[in-house]
Each structure stands twice: as C-alpha cells, then as structure tokens.
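This report refers to the structure that appears directly beneath it.
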Amino acid sequence: PQRYNPAEIEPKWQARWDADATLYAAEAHDSGKPKYYCLEMLPYPSGALHIGHVRNYAIGDALARHMWMRGYNVLHPMGWDAFGLPAENAALKNGVPPREWTFANIAAMKKQFQRLGMGFDWTTEVTTCLPEYYRWNQWFFLKMFEKGLAYRKKSKVNWCPECCTVLANEQVIGGRCWRHEDTVVELRDLTQWFLRITKYADELLEGLDKLEGWPEKVRTMQRNWIGRSEGALIDFAVDQGIGGREEGVEGKITVFTTRVDTIFGATSVQLAPEHAVSKAFALEDDKLRVQIEQLLAEQQKARESDALGAIEKHGVNTGRFAVNPFNGERVPIWVANYILADYGTGAIMSVPAHDERDFEFARKYGLEVRRVIAPADASVDATKEKQEQNTGILRSAQDDGAEDVVGELPYLAEDEAVLIDSGKWTGLGCVEAQEKMAAFAKVKGFGTPTVTYRLKDWGVSRQRYWGTPIPMVYCDRCSPEEPLPVAESELPIFLPEQIDITQTNGSPLGRVAEFVNAKCPKCGGAARRETDTMDTFVDSSWYFYRYTDAKNSKAPFDSDKANYWFPIDQYIGGVEHAILHLIYSRFWTKVMRDLGLVKNDEPAQRLFTQGMVIKDGAKMSKSKGNVVSPDDMIARYGADATRMYALFAAPPDRDLEWQEEGVAGISRFLSKVYRLTTKYSGAARAAAGGSRGGESSAKEQALLRRLHQTIAKITQDFDGRWHFNTSISSIMILVNEITANEAAMDAGEISPAAVAEVFRGLILLLAPFAPFFAAEMWEEIGGEGVVFRTVWPEVNEELARDEEIEIPVQVNGKLVTVVKVAAGSDEATVKAEALADPKVIARIEGKTVVKVIVVPGKLVNLVVK
Ligand code: ANZ
Ligand code: ZN
Ligand code: ZN
C-alpha cells in the first residue's frame, strides 16, 4: 500500500489487540517491577463518547503507553459509573428497563474505546451497577454505620408535590419540577441517611497542603468548600418583655461570629427565617408570619438559582429585643433573608460598621452604624483615602449625605487595628481581642470559642430506583426507634430487576413487596427494608481500589494489592469534579485507612484536570447544534489523527477549540510520515542495529541532533511538563528535517545506519500519540515485538548538543580571539562569552569598554578607551 489509509490499518490492529487480553494487562503486584497507576475518570454510560472524553482518554493513554515504554508495570484500567438518573429517565421515555439501557450503552461505548485504540486493561473492568460491585458499597455502609459514620437525621430536600417524591438538585429546573413544568418544588424536611464526612474536615483540609501534585485551583476550591472558620458562639438573651416567657423561645439566641472583637458595634441580632426563634415569633403574630414566609421564599428562590451571594437583602423587625452579654445593651431582633439556617447557628450579630453585608442592610433599614475599631497608629490614617476608594461603601454613603458613616473604615485589616469604645477591651488589637473575648465568654458561661465548617455531612439517601439499596431494615417490634443493619452475610441486598418505574408516586423500591418485606436481623420477625438507594457518588468514591482486585468475591479488594498500586500516580479528569467526587473519594480513602484496609492517606498523588473542548467558541451542546462526534472524526480521518489532534490543538490544561481542518492537517502529517517510512523502510531494515562507523557528514549530524533533541523534549514533557501540543509539533519539525534530507539520504550522504536510527526513533516517539499508526510503521521497518512495549529511546546527550559556531572577537576593530558559542545563541550570551575570554580580558585591562557591538552569528567588536 502506497498511501496512508487509516480505515485499513486501524481495524487490522484493533482486531489483533482486542484478541489479546494480556496486551494491556498489568502485571501482578508482586512482579517486582516499579508500578505506575495511570487513571482517567470513568465515564457515565450515557450511550456514546463525546469528543471531550476523547481528549481526556487520549492524554491518559499516551501517558500509560509512555510509562510502559519506560519499563513500568502500568495499571491503566477502565470502568463504568453505571448507576444514576439518566437510566431511569430513559426507561420512562422509551420503556427500556434501566439495566438493559445501561448495558447496551456500555457495549456501545466499549466498542468506541476499542476503535479509538485506547490501551485499557479490560481484565479489571468495573461496572458499578453490578451486584458484585455494589455489594461492597453496602459492606462499607455497614462498616460506617458500625463506626457511627453513617447516621440518619432530618434534612431539607427538594420535593415535587406532583411526583410525590424527592428530586435531586439536577431535577430542579428554575425552581420547578423537571417533569412538571408548572409545579414549584418545595423544600421538605425528610429523614435521610448521612455520612459523617465532617469528622474528617480538618484532615481533608490539612491534607490539601501536601497534595503538591494537584492543581492549585482544585485545592483552593476544596479549601473553600470545606470553609473552616474560627470564631465564637455568643449567647444573646431574648428579652422576654412584660409578657414573660414566650412559648417555644428558648430564652437565648446563640450567634456565630468570626469577629467577636466587634461586638460593641453590634446594633441588631439577625435570624434566619427558619431559625427556631423566628418560627416561635411567627406563631404568635400572623402578620410577622407572612413576612417571614416571604423572606424564606426569597431565600429559597435565590438558593435554587445559586444566587444567594447576590440576594437583594430584605428583613423584618420582629419588635423584640436581645441582650448583648458584653455590655448589657438591648438590640432589636430582625429576621433577614440573607441569613442561612444551615450555616453557623442561623443567627448573627449585625455589625454594620465593619461588615459589608451588615452595612448594606443597616443603610437600607436605618439601623445604627457604630464604629468600634480604628487604625492602630495614626499613620494608617494616611491610607484611609485609598481604603475608602477601594470599599466603595464610603462614597455611596457620602453621596447619600449620610453623615454618620462618613469616615468609617468598614474593612479595616484586623492585624493593624485596635478596639475603640469597647469597654475594658478598648485598646486591644483585634486578633488579641478575639481570643480574649471568646475566652471571657466561656468563663462567664455565655459563649465559647468555636470552629465552623461550610462542609456539611454528606446526604446519601436517594428516593430513586437505579442505585445501591441501603442495607438497613426497620422492625416495629424490637427496634421501633432505630434502624437495624442487615447481617454482612446477607449481602448483597439485590436491587430488584422487575420493577415498574413508570409510576411516579413515592419511592420506587417501596412498591416492590418482595423487596420491602424482610426478616428482622434481631428478632426474626417481619421487618421493612430501607427503600432509599445510595447517591451514585458513593460508587465513584472507591472504584479505583476495586481495579486492583476486580474479581474478589470475599472483600472489596485485597489490601496487599491496593497497597502496591496506591496512591494513584496520575489521575486525569475534568475540573467539574474538583469538589464532589474528589472530596468524597478523599474522605472514603481516609475511612478505609482507619478500617485498616489501605495505608495511604490520599487516593491520588497527582491530579490533572484537562480543559474543555469547545466548538465555534462555545461549549458543545445539542441545543447549540455544535456537537462534534468522535465517530464522524474517526470515519473521516482515523482514530490516530483524531486523538493526536486532541493533544496537538492546545496545551492539555487549556480549552481546545475543535477545528476539523486541524484534524485533516494531522492526517496529512501522518500521510507524510507514512510515505517517508515506506520509502526508507528497506534501508532501515537492512541497517537496523548496525552502528554508524567513521566520520559522519554534517547533514547526518544535524539530523541526528534533531532526533535526539526531540527525544529529550518529549521525555521531559512526559516527566511532568505535559506540553503535549509542543511534543507533537517537535515531531513535526523532525519530520520536516527528514524531508529536507531526502536527497542526502538517497545519495548515501546520510548513512543507512543513521536513517534506521532516525526512523526507529521517530516511530517510537509517535507510539504514545498514534498507536495504530506506530504499530503499522514499526512492522514496516521490521521492528521487533510490540511497539509500545519497546524501550523508550534514550537521549544521546552528545548528539543532542547544539552545534557550536566560532565567532571572531575584535577590540577596536582588531581581531583578538575567536569564541565558541552554541548556534543560535542570543546577543547577551555571545557578549558574555566574549567578555569572559582570557585574551579579551588581558587586552581590555585598565580600559573602559564604551560599546559592545554584536552582529549575531558573525562578530563581536568591543570599543574601548
Ligand atoms: C459579626 C461580624 C462582624 C462578622 C464583622 C463578620 C465581620 P465566614 O468567615 O464565612 O464563616 N454569619 C454567621 N452565620 C451566618 C449565617 N448563617 N448566614 C449569614 N451570615 C452568617 O463568616 C462568618 C461571619 O458571617 C460571621 O461573623 C457572621 O458575621 C456571618 F466585622 O459576625 B460576623
Ligand atoms: Zn414532578
Ligand atoms: Zn425485630
């Protein structure tokens, strides 16, 4: 065949590879080889791979192949995140059972992976919806229940009154049900299962500092998500007034503040609409109740559309008062829509002079703004104007002519400010005051220092069908209050396959009598099974451990195997998983460590998040009609060109704008390599392994130099720099140089041994990026064995060294010496070389160099006096 034809080459190799299950299989954990665990996030079996997947897996596959060539025992597995809602949606829409739909999709996507030439170890394939996998979810759940890490509590969930079921957040669209466009979703209190991730909050936070191989942006996102705040809880007594104690009002409101040092500036207490005290007040006062309901509705609306940060602040004065324990002052109690019930205590002390949100609120409702901190030294006053400009608040205050706040410093940096007008605390620095005042509150019994986290325990209950059944039962007879764990020996609790999910009323599993009816593990009587299933993020929290021992039926995996492979050396996936999946799986690892199953504290040593693939400047979506199908690309240009383009078109961490001409360009490039390789394969075969004897021509040296420089560059890229786009362009430069030397090769000016070395190197360099192509070309030049199990080419440093050129150096126009510099050196290097030359130093001693003229690549002239 004279022309490059991927439609012929690729299926041929694919058939060979598919037939050999050991080709990409990892060796045993006791093989004695150094290991490399290369992992890309597993896909959801939606039915087809999209082009973003191609990019993700092309990166991982190139890395895995490279590490094989470097002699590592590589684990490069793949699986399916197979539980979840889309399967249920499809079932409702097309009447196909979720299981059937899921497995049909898996089969189709596996074909696509194979057609793309991805080198996955299918012997360890993991499919999370199979009982042999999900039984271990249940097993972990039981272990966590035993350790108090799984528990039930009431919490708020999205509820569609029409569906009579809980909706996942993704099923709430603009505050309405995804299946009932006219039905507003309610928040309901339901008893749900939780996993106590907050127990590990500090460790999850501190561990981030050590994850140096993770992108800083991901670590920052996790830090913010965990959201650790040091502060204090302070009790404000509710002033019961003349009427005495009100029913339901506990007598105090506990606020959470990070700035107890500002408490003398507190001019109101503000409650979340759902705070118990707000509710108690509402009970007594219909007008107030309606207003509070309105505030709650506003908050929920903002919460649903993720606009809480920008909510237009509203509040209502309850007419009651609370007492500031530090100064005995009565301050009004308000209910406000921007105070969240589920952060801190759901109540705050409002300090308008020093908190932006409080300031905004106070200005709106005419609450007092009282300044209680000031610059530590007068010199800070000089910077006041600048601070005012930065805050914007002061200007708006001045514009409105609100004299009272002119001159306030709402954001005074804590470490350069002191307390004023704060009783006996006046004069203390803010940071010191925070500590002392919290300690004082503790001694006096009206408060305590505390740490609050934004991180909440992980609600794992789903009232859905297609997920892991939670292995708990309820027995009214012997344990009416507490759910009971099923015995380990009962696992798995099978998800029933015959089920009608077209009825939308309530939890689907609740309608399957054979499922619900269980035997009580304690008294043996009739009991009810839990009908909630687990969040699918449970499945993905530990799947990568299962790959190390996917067939184990006695345990989730063997610890020795996991300890050999873990931590994952390189994890690759989308940045959209920066929080949920990547925090849950870190949590799961710590739980498994504490159960004695693994030794590592973290699942992945290095994490890489690739950029998105976009088209016409926008994210691909069906509605925009700009979706690029991998199948189309493969049909037109082949899998190699498609994959290689996905790596070439942008640095892997940046967004990539998909341009079909670019894929065509890569295809033309491969055609060129094909033509050259087939032309010179005879020579290459004949000279393979032979040594280049004697003097080599300048052209041969230049070509070999280019080869070895390319090897050096690409090796570095794989070692962590990951500039695969420029790796590929450096191969293109090498190929251009080969083309430019065709005549020299034909004339024997470049020896056959050098030709063989160049082509062998070229094909090995291409192997991680274009595996089908490389396999074909390797065969063509008579290479032995499997190309990507061939040792990665070694850089010959001597050959790689840049050519040196000689540059004459003159002093006042007279030749003094000649210096050697690397070809292409810049002016500064050449100048430095010249000035460092002993002959030049001797000549200019005692004189002044007034000018240095450098003619790049030609000459240096020093003018001295
Ligand atoms: C008084 C104060 C004065 C505050 C000041 C800040 C600055 P982070 O750091 O995010 O934890 N807060 C507490 N609970 C709240 C809730 N449920 N909803 C809305 N806001 C709440 O923020 C802690 C600060 O956020 C707390 O400290 C409280 O306002 C507010 F100059 O108390 B602060
Ligand atoms: Zn509905
Ligand atoms: Zn019982």
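Odds and ends about this structure:
- Taking Lys and Arg as +1 and Asp and Glu as -1, the other residues whose beta-carbon sits under 15 Å from that of Leu799 total -3.
- Helix 6-18 vs. the chain, principal-axis angle (Cα, 0 to 90°, nearest 10): 70
- Between Leu130 and Glu293, the distance separating the two model label sites (each 7 Å from Cα on the Cα→Cβ line) works out to 5.4 nm.
- Prolate/oblate/rounded label for the range 660-793 (Cα gyration tensor, a/c 1.5): rounded
- The phi-based Karplus calculation (6.51 cos²θ - 1.76 cosθ + 1.60; θ = phi - 60°) puts the 3J(HN,Hα) values of the range 754-761 at 5, 4, 4, 5, 5, 5, 4, x Hz, whole numbers, x for Gly and Pro.
- Modelled FRET efficiency - R0 22 Å, Ser31 with Ala712, Cβ distances, 0.05 increments: 0.15
- The chain: relative contact order as a whole-number percent, Cα under 8 Å and 6+ apart: 14
- Pairs from Lys143/Lys554; Lys111/Lys551; Lys456/Lys522; Lys12/Lys624; Lys33/Lys143 whose Cα-Cα separation, in the structure shown, is over 25 Å: Lys456/Lys522; Lys12/Lys624; Lys33/Lys143
- Among Val184, Val255, Ala107 the positive-end extreme of the charge dipole of the chain (Cβ point charges): Ala107
- Chain lengthening between Arg685 and Ile311 when straightened (0.36 nm per residue, less Cα-Cα): 127.4 nm
- Modelled FRET efficiency - R0 22 Å, Arg636 with Lys672, Cβ distances, 0.05 increments: 0.75
- Near-label residues of the range 583-608 by backbone N, under 18 Å of a point 7 Å along Cα→Cβ of Arg70: 604-608
- Formal net charge of residues neighbouring Thr817 (Cβ-Cβ distance under 9 Å; K, R +1; D, E -1): +1
- Think of the range 804-864 as a dipole: +1 on every Lys or Arg Cβ, -1 on every Asp or Glu Cβ, centred on the Cα centre; then among Asn812, Ala823, Val854, Asn812 lies furthest on the positive end.
- Cβ charges +1 (Lys, Arg) and -1 (Asp, Glu), total dipole of the range 804-864, debye: 300
- For the range 503-545: rounded, prolate or oblate by the Cα gyration tensor [a/c cutoff 1.5]: oblate
- Amide H contacts under 5 Å for Thr345, placed H, 5+ residues apart: Phe256
- Taking amide H atoms as placed 1.01 Å from N in the peptide plane, the amide H of Phe608 lies under 5 Å from those of Tyr571, Ile572, Gly573, each 5 or more residues away in sequence or on another chain.
- The phi torsions of the range 564-575, fed into the Karplus equation with coefficients 6.51, -1.76 and 1.60 and a -60° offset, translate into couplings of 6, 7, 9, x, 4, 6, 9, 10, 10, x, x, 5 Hz, rounded to whole numbers, with Gly and Pro shown as x.
- Charge-dipole axis of the range 473-581 as Lys and Arg at +1 and Asp and Glu at -1 on Cβ define it, positive-most pick from Pro508, Pro567, Leu484: Leu484
- Peptides ranked, highest mean first, by Cβ atoms within 10 Å: ranges 538-549, 728-739: 538-549, 728-739
- Look at where the Cα atoms of the range 158-198 and of the range 313-382 average out, and the two centres are 34 Å apart.
- The stretch between Leu283 and Glu794, if pulled fully straight at 0.36 nm per residue, gains 176.0 nm over its current Cα-Cα span.
- The chain, helix-only ellipticity at 222 nm - DSSP H runs n ≥ 4, -39,500 (n - 2.57), divided by all residues, nearest 500: -12000 deg cm²/dmol
- The chain: Cys lacking any partner C-beta under 4.7 angstrom: Cys38, Cys129, Cys164, Cys430
- Residue-wise HN-Hα coupling along the range 266-272, computed from phi with Karplus coefficients 6.51, -1.76, 1.60 (Hz; x: Gly, Pro): 6, 10, 6, 10, 10, 10, 5
- Extending 7 Å from the Cα toward the beta-carbon at both Ala836 and Asn94 defines two label points whose distance is 6.9 nm.
- Net charge dipole, the chain: roughly 1140 debye, given to the nearest 20, about the Cα centre with Cβ charges of +1 for Lys and Arg and -1 for Asp and Glu.
- Cα gyration tensor shape for the chain, rounded if a/c is under 1.5, else prolate or oblate: oblate
- Amide proton proximity set for Thr817, modelled H, under 5 Å, gap of 5+: Val809
- Here the simple spin-label model places points 7 Å from the Cα toward Cβ, and for Asp182 and Ser229 these points are separated by 4.2 nm.
A short reminder: the numbers here are calculations on the coordinates, not readings from a lab. All of these numbers come straight from a predicted model, not from anything done at the bench. Neighbour counts are summed over all protein chains in view; Cβ atoms, including those assigned to glycine, are modelled from backbone coordinates with ideal geometry.
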